[in-house]
Amino acid sequence: MDAGLYIFCLSNLQCPDLPESSSELDRLFLHRHGNLCAIAKRVSLEEFCGPDADRRLADPEWVTPRAIDHGRVIAEVFRGSPVLPVPFGTLFSSPAVLGDFLERNADLIKGFFEYAADCEEWGIKALLDRERLKRSLVESITQTESAAASPGLRYLRERRAEQMADQQSSAWLEQNLGVVADALDQCAARSCERRIIDDSKQPDGREEVFNLAALLARDRVAEFRRRIEAINRERAEDGLSFAVSGPWPPYSFCPALESPP
């Protein structure tokens, strides 16, 4: 049974003591190469690459606990050290092959640790109640018109206000999402869009319209959260709110490394 190296994440030589392994994992160790190190364990290559590997990798009961352990190790290392997470199931056939991989990608990895130093990933989602926004815009439009009118004229004005609200809602939303973009420009080292899940509608009817990941320096997190809280207070009556989650290891900002052989 050939043994290989399973990699959880990469770090620099600030890497602290490793987290304890669960009973299902072999003992973790550091593979050092120059100023870099990989957090690894030894596994049977057949487990991931043998004739039955495709069946196991398609079985949620087999994959789920291992994927959870993969994320747990990354999160625990991240508590005391910079990390570059690697995808679940990343294997190397030998320490020499892993060392060659680290050597070939050294510049990308070191560059990542330079810009991600002392940073955390945070998620920002915008949730919109479209009906509430429409009511708010209609109210704003009708307030500018005289209330002294016949019932028929009031009806026509209300229908016109609803049409105008439909036309204005996209521009209103873009403008207010731009406020959050400005806050990111002030606080985040980097940011990137993330996919909006198709069935992301909330039980209360709100719709996800914006999903970003931000790489925030730890000393800017409190300021950024205060900005988001202020925006939420200002926009709550209009049906727009922002949800912040984190901190996470910087999954969304990892460079595209050359694939292992």
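The values are calculated or read from the model by the stated rules, or taken from the named source; none is laboratory data. The shown structure was predicted, so the numbers you read here are calculated from the model rather than taken from an experiment. Please note: Cβ atoms are built from the backbone with ideal geometry, for glycine as well, and neighbour counts cover all protein chains shown. Calculation scope for accessible area: heavy atoms of the full protein, side chains included, ligands and nucleic acids excluded. Shrake-Rupley method; radii C 1.70, N 1.55, O 1.52, S 1.80 Å.
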Query raised in the report: So, of the residues in region 88-101 that are under 22 Å from Gly71 (Cβ atoms) and among the aliphatic types (A, V, I, L, M), which turns out to be nearest to the chain's Cα centre (by Cα)?
Result: Leu91
Query raised in the report: Does Arg154 fit the bill of being modelled with pLDDT under 90 and of a type outside the set (Asp, Glu)?
Result: yes
Report task. Collect the residues in region 1-45 that are in contact with a helix residue (DSSP H, G or I) (Cβ under 8 Å, 6 or more places away or on another chain), open to solvent by 40 Å² or more (accessible area, probe 1.4 Å), modelled with pLDDT of 75 or more and not polar (S, T, N, Q), keeping them in residue-number order. Result -> Ala3, His33, Gly34
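Specify which of the listed residues (Ala126, Ala117, Ala96) is assigned to a helix (DSSP H, G or I) and of a type in the set (A, V, I, L, M).
Details: Ala126 fails: assigned to a helix (DSSP H, G or I); Ala117 fails: assigned to a helix (DSSP H, G or I).
Just a single option satisfies the conditions, and that option is Ala96.
Conditions (1) modelled with pLDDT of 80 or more; (2) open to solvent by less than 40 Å² (accessible area, probe 1.4 Å); (3) on the phi > 0 side of the Ramachandran plot, marked per residue:
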| site | (1), (2), (3) |
| --- | --- |
| Glu47 | no, no, no |
| Asp52 | no, no, no |
| Arg72 | yes, no, no |
| Ser81 | yes, yes, no |
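Determine whether Asp118 is open to solvent by 30 Å² or more (accessible area, probe 1.4 Å), at pLDDT 85 or above and in contact with a helix residue (DSSP H, G or I) (Cβ under 7 Å, 6 or more places away or on another chain). It would help to see each step written out before you state the result.
Details: open to solvent by 30 Å² or more (accessible area, probe 1.4 Å): yes; at pLDDT 85 or above: yes; in contact with a helix residue (DSSP H, G or I) (Cβ under 7 Å, 6 or more places away or on another chain): yes.
So Asp118 fits the description; yes.
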Requested in this report: Tell me which residues, restricted to region 157-208, are modelled with pLDDT of 80 or more and surrounded by fewer than 16 Cβ atoms within 10 Å (Cβ to Cβ).
Outcome: Cys192, Glu193, Arg194, Arg195, Glu207
